[in-house]
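Peer 1: Here you go, one structure.
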Amino acid sequence: MTDALAVLTQGLAVCRVAVEDHGGLITSLALTGLVGSLTHCAGMCGPFVLSQTAARFEAIPVSAMNEWRRLSGALLIPYHLGRATTYAALGALAGAVAGRLAQGPALRLLAAGLLALAALFLLGMAVPRLKGLFGGSGGGEGWWGRHVGRLAAPLFSAPTGWRGWLLGVALGFIPCGLLYAALAAAAAGGDALGGALAMVAFAAGTVPVLVLVGTVGHFAVARWRQPVLKWAPLLLAANAGMLGFMAWRLI
C-alpha cells in the first residue's frame, strides 16, 4: 500500500511538472477544442453523439425515463473517455517522436515549426477561402475515415460501458483538420507526457458542445449556433496567433 502511494505521489509530481512546463500549450489546446467544437465537431461528430444517445434512450423503458436519465444518457462518459484515450496516445507518440528527432536548439526550431504549422491549420479553419487548402472542412472523409467507420459501426447498437469506450477509441482515429492542428501543437512539447496532457486538454475542450448536442439535439443547437459562428473564426484566429507567438518565442 505504501509503495503504491509512493508511486502515485511520484506520478502526480511528474504530471505537475509537465503541466507547469507546458501550461501555455495545454491552455491553448483546451481553447482550441472548445472553439473548434462549435465550428467543426458539432457538425462532424454530432451524428455519432446523437446515434449513441438514441440507442441509450431506446434501452430505457418510458416509465423509467426521467431528467437524470436523459442527462446521463447524453453525457456519454465512456465515449468521451475513449476519445481522450486515443488523443492522449497520439499526443504522447507525437511528442516522443519530436523529442527523438531533435535535441537542444534543434528541438526548439522543430517545436517552432510545429507550432507554426498548427497555427496555419487553425487559420485554415478560420478563413473560409483556406479551408479546402488545410482540410478544415473535410474531416473524416476518404478511405481511412470510411474504414474506421465500418469497424466502429457494430458498437453503436449498445454504446455503454466498455463498448462506449471502445467506440470512442475507434472514432478518435477519424482524421480532421482540427485534430491535425492539435497534434502538431502537442508534438511541439517534445516529450510524451506533455503531448499526452495537451491532447487530453484538447479532448476535454470538445466535450461541452458535444454534450449539449446530445442533450438538446443537433437541430436545436443549429438555431443558436449561427450567431456563435460569426465570432468563432475570430477566436480561432486569435488562438492561431497565440500558437504563432509561442513559435516566435522559440526562434
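Peer 1: Of these, 33, 46, 23, which one is within 15 Å of residue 194 (Cβ to Cβ) and modelled with pLDDT of 70 or more? Break it down stepwise before answering.
Peer 2: Details: 33 fails: within 15 Å of residue 194 (Cβ to Cβ); 46 fails: within 15 Å of residue 194 (Cβ to Cβ).
Checking each option against the conditions leaves just 23.
Peer 1: Do any residues in the range 84-101 that are over 25 Å from residue 166 (Cβ atoms) have Cβ atoms under 9 Å from those of residues that are open to solvent by 40 Å² or more (accessible area, probe 1.4 Å) and not in a helix (DSSP H, G or I), where the two are at least six apart or on different chains, and which pairs are they?
Peer 2: Matching pairs, first to second residue: 98/191; 99/191.
Peer 1: Further question on the same structure: Specify which of the listed residues (162, 144) is assigned to a helix (DSSP H, G or I), farther than 21 Å from residue 46 by Cβ and modelled with pLDDT under 90.
Peer 2: Numbers: 144 fails: farther than 21 Å from residue 46 by Cβ.
From the options 162, 144, the qualifying one is 162.
Peer 1: Is it the case that some residue within the range 91-107 is open to solvent by less than 20 Å² (accessible area, probe 1.4 Å), farther than 22 Å from residue 242 by Cβ and at pLDDT 75 or above? Before you say what the answer is, go through the steps one by one.
Peer 2: Kept after step one, since they are open to solvent by less than 20 Å² (accessible area, probe 1.4 Å), are these residues of the range 91-107: 91, 95, 98-99, 102.
Imposing the further condition that a residue be farther than 22 Å from residue 242 by Cβ reduces the set to 99, 102.
Those left that are additionally at pLDDT 75 or above: 99.
Scanning the range 91-107, I find at least one residue that is open to solvent by less than 20 Å² (accessible area, probe 1.4 Å), farther than 22 Å from residue 242 by Cβ and at pLDDT 75 or above, so the answer is yes.
Peer 1: Checking residue 174 against (1) of a type in the set (A, V, I, L, M); (2) at pLDDT 85 or above; (3) not in a helix (DSSP H, G or I), only one condition comes out false. Which one?
Peer 2: (2)
The values are calculated or read from the model by the stated rules, or taken from the named source; none is laboratory data. Since the model is a prediction, treat every value here as computed from it, not as a measurement. Here Cβ is always computed from backbone atoms with ideal geometry, including for glycine, and neighbour counts include all displayed protein chains. Side chains are part of the model used for accessible areas, which takes the heavy atoms of the whole protein and leaves out ligands, DNA and RNA. Shrake-Rupley method; radii C 1.70, N 1.55, O 1.52, S 1.80 Å.
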